[in-house]
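Comments concern the structure below.
Please treat every number below as a calculation from the coordinates, not as lab data. None of the values given here were measured: they were computed from a predicted structure. For neighbour counting, all protein chains shown are included, and Cβ atoms are generated from backbone atoms with ideal geometry for every residue, glycine included.
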Number of protein chains: 2
Amino acid sequence: MDHRSESILRAVIEEYVSTAVPVGSQALVARYGLGVSSATVRNILADLEVNGLLTHPHTSAGRIPTDAGYRYFVESVSDSSVLPAVEQLMIRHQFGQVQHASEQWFRLAATTLAAANRIAGLATPAKPRAAHVRRIDIVSISDRLASLIIVFREGALRQVLVTLPEAVEQEALTRAAVILDGIMAGRTSGDAERALERIDGDGPIGTLVRRVGERVIAAVRDYDATIIEEVFSDGLLHVMEAPEFERSDKLRRVFAALENRAYLGELLDRVAGTGTVQVFIGAENAPEEMRDVSLVLAPYGVPGRAVGVVGVLGPTRMAYPQAIGTVRFVSTLMNELVKHIDA
Amino acid sequence: MDHRSESILRAVIEEYVSTAVPVGSQALVARYGLGVSSATVRNILADLEVNGLLTHPHTSAGRIPTDAGYRYFVESVSDSSVLPAVEQLMIRHQFGQVQHASEQWFRLAATTLAAANRIAGLATPAKPRAAHVRRIDIVSISDRLASLIIVFREGALRQVLVTLPEAVEQEALTRAAVILDGIMAGRTSGDAERALERIDGDGPIGTLVRRVGERVIAAVRDYDATIIEEVFSDGLLHVMEAPEFERSDKLRRVFAALENRAYLGELLDRVAGTGTVQVFIGAENAPEEMRDVSLVLAPYGVPGRAVGVVGVLGPTRMAYPQAIGTVRFVSTLMNELVKHIDA
DNA sequence: GTTGGCACTCGCACTACTAGAGTGCTAACG
DNA sequence: CGTTAGCACTCTAGTAGTGCGAGTGCCAAC
């Protein structure tokens, strides 16, 4: 495509993204010294429209970008969109502030992305393909109730309440925990299950181990089966402020779509597969409720072992270069953090 | 007040709650065989209006209840609003389904309340006034990184990452955990701190205990200081469907208000103090963003020890008797569940 | 290829009007 | 004296008509 056409497309997108108003030829020549007259610009705009990159809401209105227009724009700038050093520093600073509570990291990522882009930030915890148990602990809560705590290799926790058929002292629970720990630690659910079968089931402790062991296996299985453990989002209020969502029915559909874990899981898979920032624009999203929004997502974690996703969600009319830059940066930051844990 | 006036007020509210349209005198006589003419009803409506229980959007429109009208209505029915046995059974059934993961209970409460009332359900975990540590565990994550896990009496968990100045084996961490467990278990943060000071700081284990112990104290303090650990909400989509929130700016203010932890904390205190279902209608809520919504909240837990709140949030035009009934029932259900744990 | 000019289109804001719902008042009734 | 029928009055929502302005598309000239 023509270099000039390209820069005019860019100008239209830039203008429309910041004003949310269809942009006309005069506005372009006035605000972006293009060195040509509005008539020339009009010709080019018409060309861009037949190429499907721009549209008209109606005859006498300015142009707005189509999904294809955004796509072309994104392809042409995505590699070059590196976050300015100042913003990098600010984000780094925010990450430095937080206490080293691992479960907070991905939340912080979402919050940071939301604040930096003034749209919604999303993040999922890094979730391993195959769960590895690192530690098992059993804490007595009351006579016949105990809390079973399973720590996974990545630092994830699961807590399960276990009711006991008879009163059991903490001491016995601890002994059972030590035995289970020996069986399960470092194992996946399948390995652990086979190991559990070989356990001698005699005596009160044996019965206890067997009973609790089954719950452990079930919990690990459950953890394995969960594709997306949690999608943490922040800054949804920003999205509500966008004029395209002034009527709340559109908004409702987006929120409903966010609860569609199946689609998010699919996106996660695609993003994790490529390993870089991915942009999903408007109608490129399969669910019909998502046709008004775009997602910029990037994976983080250790490929093939534990992967999570960070990103942003906003109206298709979003500042893509900025979004891509921050998402890419935050994902590298998360990579560093996860590496420390998973070493 | 007149018995007839009261039943007409009731009819207006019932009608308006279900249709969201201002109700006129004719509609009332047509749909609620009152045995009097529309003219008589008009007189009574006018009376109710001078008493401040109803209003006019404009001269030629029907009546809508004021906040005071809803309040009067709620006061007159709140005691008698017991949930039908069928619905009680359905809710009980839902609670029976769930795995006994304690952290899920309050979430389930919110979900159940949302589904039963088709508005937003809210729930906070039962949080003790003074934290009591039940168990401390330390799990090695990598050479110089460990995960500190604190279990509180009510089954709540805190996980904190601890960086170590030098590589430490799991064995040493376990020994440190046992020592800390001995010091802290059953203690509040103040007690534990004094106990920690008396620990002999010599030797590598002593240093480790001291180092991690400080983090434990900090975490317990933090847990103590948190008024509301988490507000889980579900069914916000229902609220978005209400016609009063068709324009999303109103919606935005409500969502923003939900993030106002200070106010929610204040409400929680008031609700926990009284021990029964409390209704906060529209402008009775202090924050100006809350003037379009009502909350029906009830405490659960053990008075004076650990208290949480369950309830619903919806437009002031909500089915109060139904809401009060379900909230009361769910709170008693939660009481039973908590009692088992906290015995 | 670019530009100025110009007719044309269409949404938006404004006004005017009507229909309908619902009130408030008054006078009559039991 | 409470209740009722009747009726004038009020106000909104919806519809139709109008002018304005932004912006286009095209054409002829440069």
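Distances, shortest first, from the label point of A:GLY33 to those at the same position in the other copies read 8.4 nm; the point lies 7 Å along Cα to C-beta.
Each copy carries a label point for B:PRO57 at 7 Å from Cα along the beta-carbon vector; from one copy to the others these points are 2.6 nm apart, nearest first. Using Cβ point charges alone (K and R +1, D and E -1), the dipole size of the stretch A:1-133 about the Cα centre works out to roughly 360 debye. With springs only between Cα atoms under 10 Å, which of B:THR207, B:THR124, B:THR112 fluctuates most in a Gaussian network model of chain B? The residue with the greatest mean-square fluctuation here is B:THR207. Projecting the Cα positions of B:ALA176, B:THR188, B:ALA219 onto the charge dipole of the stretch B:164-222 (unit charges on Cβ atoms of Lys, Arg, Asp and Glu, taken about the Cα centre) puts B:THR188 furthest along the positive direction. A Cβ-based charge dipole, computed about the Cα centre of the protein assembly as shown with Lys and Arg at +1 and Asp and Glu at -1, lands at about 80 debye.
When B:LEU157, B:LEU180, A:LEU236 are arranged by Cβ crowding within 10 Å, least crowded first, meaning fewest neighbours, the order is B:LEU157, A:LEU236, B:LEU180. Residues whose amide H lies under 5 Å from that of A:LEU54, counting only those 5 or more places away or on a different chain, are A:GLU49, A:THR66; hydrogens are built 1.01 Å from N in the peptide plane. Distance to the B-onto-A rotation axis is smallest for one chain B Cβ; residue and value in angstrom are B:SER248, 2. Oblate is the label for the protein assembly as shown, because the ratio a/c of its alpha-carbon gyration tensor axes (a ≥ b ≥ c) is 1.5 or higher and a/b is not greater than b/c.
Global size of the stretch A:203-302: 19.6, 68 Å for Rg and Dmax (C-alpha atoms, Rg to one decimal, Dmax whole). Sorted shortest first, the separations between the A:GLU336 label point and its copies elsewhere in the assembly read 5.3 nm; each point sits 7 Å from Cα along the Cα-to-Cβ line.
Shown here are the Rg and Dmax of the Cα trace of the stretch A:85-199, at 19.6, 62 Å.
Considering all C-alpha pairs of the stretch B:134-243, those separated by over 25 Å amount to 30%.
Label-to-label distance for A:ARG211 and A:ALA256 is 4.6 nm, based on points extended 7 Å past Cα in the beta-carbon direction.
Within a straight-line Cα-Cα reach of under 22 Å, A:LYS127 can be paired with the following lysines, leaving aside sequence neighbours fewer than 8 residues apart in one chain: A:LYS339. As a rough footprinting exposure proxy, the listed residues B:LEU268, B:LEU164 were ranked by other beta carbons within 10 Å of their own, and the order from fewest upward is B:LEU164, B:LEU268.
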